[in-house]
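Have a look at the structure below, then the notes.
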Amino acid sequence: MPARSGGDEEGGEGLSWEVTISGFGGQGVLFIGRLLLEAGFAGGQQVSWLPYYSGEKRGGMCTCFVNISDERIGSIFISHPDVGVAMNPAAYKMLEPTVKQDGLLIVNESLVKTKSQRPDIKTIYVPSVEAARELGDETVGNIIALGAILASAPVVTTSSIIKVLNQMMSKNKRQLELNKAALLKGCEYS
């Protein structure tokens, strides 16, 4: 299991997760950040969500910083995340050196062909685009990456993400079921 920020490792008291997700605008970076935020909030935890957009109108870099903690959050900006998600090569270049020792890096290997040289972190390569195609819709690659996070780091529970999806997508049953299937497919990567 990846390292967590703060807290008592044995008793689970005061646990804190810092997650940075980055990729191109349109890859669903902010959406999976929001799912984590809503699931943490619903679980009674302290949460923060900070989106960052580059200046381009379309296709520019997009980053989301998510803090989920049992205690008060001191800063919403994350410089060294417990968990990083790199959805494209620029995101990988930014995140790979910053993930905390014993942390987790999820890499969209459909777009990122570089392999991590850091033996002090756990790196999981997820073929997000190909896995999403298998489900019939390339737009759920982000949810597959989210499933990979949950399979390796108990940031929130899979069932809490499903509850949030049920609330957010209740009017679009087809998209809801597709997202649930993508989440469970992503859980296969750990």
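The values are calculated or read from the model by the stated rules, or taken from the named source; none is laboratory data. None of these values were measured; they are calculated from a predicted model. Backbone-built Cβ (ideal geometry, glycine too); neighbour counts: all protein chains shown.
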Odd one out for Ala131, checked against (1) within 13 Å of the chain's Cα centre (by Cα); (2) part of a helix (DSSP H, G or I): (1)
Selection from region 64-85 of residues that are of a type in the set (Val, Ile, Thr), at pLDDT 95 or above and either under 19 Å from Gly23 (Cβ atoms) or surrounded by fewer than 21 Cβ atoms within 10 Å (Cβ to Cβ) (or both): Val66, Val83, Val85
Qualifying positions in region 103-151 - more than 17 Å from Thr20 (Cα to Cα) and charged (D, E, K, R): Glu109, Lys113, Lys115, Arg118, Asp120, Glu130, Arg133, Glu134, Asp137, Glu138
Odd one out for Arg34, checked against (1) surrounded by fewer than 20 Cβ atoms within 10 Å (Cβ to Cβ); (2) at positive phi: (2)
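Listed here are the residues, each with its yes/no results for (1) of a type outside the set (Lys, Arg); (2) closer than 27 Å to Ser69 by Cβ; (3) out of contact with any Ser or Thr (no Cβ under 7 Å at 6 or more places or on another chain).
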{"site": "Arg118", "(1), (2), (3)": "no, yes, yes"}
{"site": "Val129", "(1), (2), (3)": "yes, no, no"}
{"site": "Arg133", "(1), (2), (3)": "no, no, yes"}
{"site": "Ser160", "(1), (2), (3)": "yes, yes, yes"}
Residue match in region 29-40 (condition: over 24 Å from Ala132 (Cα atoms) and part of a loop (DSSP other than H, G, I, E, B)): no
Of residues in region 136-181 being in contact with a strand residue (DSSP E or B) (Cβ under 7 Å, 6 or more places away or on another chain) and without any contact (Cβ under 8 Å) to a residue 60 or more places away in the chain, the one surrounded by the most Cβ atoms within 10 Å (Cβ to Cβ): Ile144
Checking Gln167 against (1) farther than 19 Å from His80 by Cα; (2) touching a Lys or Arg at 6+ places or on another chain (Cβ under 8 Å), the condition it does not meet: (2)
From Val19, Val47, residue being part of a strand (DSSP E or B), surrounded by fewer than 23 Cβ atoms within 10 Å (Cβ to Cβ), on the phi < 0 side of the Ramachandran plot and modelled with pLDDT of 95 or more: Val47
Residue in region 90-105 that is within 11 Å of the chain's Cα centre (by Cα) and of a type outside the set (D, E, K, R) present: yes
Yes/no for Asp120 being touching a residue at least 24 places away in the same chain (Cβ under 8 Å), among the acidic types (Asp, Glu) and surrounded by fewer than 19 Cβ atoms within 10 Å (Cβ to Cβ): no
Selection status of Gly59, under 27 Å from Ala132 (Cβ atoms) and surrounded by 14 or more Cβ atoms within 10 Å (Cβ to Cβ): no
In region 77-126, the residues that are assigned to a loop (DSSP other than H, G, I, E, B), closer than 17 Å to Ile32 by Cα and among the aliphatic types (A, V, I, L, M): Ile78, Met87
